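A short worksheet on the structure shown next.
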Amino acid sequence: MGPGLDPNSRLLPYRFGMLIDPRGHTNSAVLETRRRLKVERLPEAELTKSGPLPEDSALIACDHVRDSILTQVPPERWPNARPIARPSHYPRAPSDAPAGVPISASLVVLPDGSLVLSSFKVTGTTNVEYKETALEFLSKQQWTPATVSGCAVVSHAGFVVTFLGITRRKWP
């Protein structure tokens, strides 16, 4: 340990980032986090122990939450993912869609934010071109998966549009 450092401020570098900056000063942000979270100081034997890193209890808890959502909650009740950037417009409903009938497009977002393209489905229309446009739109968006108890979980991403039966014509 460097000179002038508090011996009670040692933290596991792989859990909380660097404790000591290159100049040998303690990282006050790490110390403040340690104080706020009331992280206990590990004994010297634990700090010098070799071998694989211990399991992080927060990661284990998130694994349990993810597994519970995936196995215990029906897919139609999975929470909704959010787009990282709000789109300026959504694909317009096809002109052959019946007026007032909602058309929805959705797919599954995994906890890491990746999309399951094979889960894509469209309801309310059979228009193949619209389905292709909707899939392209959804796959170009970046999605933030929903969280439950602070853990990212499997979720749905999608949109709903409704054709109102009003069409605009260009006047000559």
Which order, highest average first, do 142-149, 106-113 follow once you tally other Cβ atoms within 10 Å for each residue and take the mean per peptide? 106-113, 142-149
Quick one: which residues, 5+ away or cross-chain, put their amide H under 5 Å from the amide H of SER119? H built at 1.01 Å from N. VAL108
To make sure I understand, if each residue's beta carbon is the centre and we count other beta carbons within 10 Å, what order do LEU138, LEU117 fall in, fewest to most? LEU117, LEU138
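Rule-based calculations on the coordinates, nothing more; no lab input. Here the structure is a predicted model, which is why all the values come from computation and not from measurement. Neighbour counts run over all protein chains shown; Cβ positions are idealised from the backbone, glycine included.
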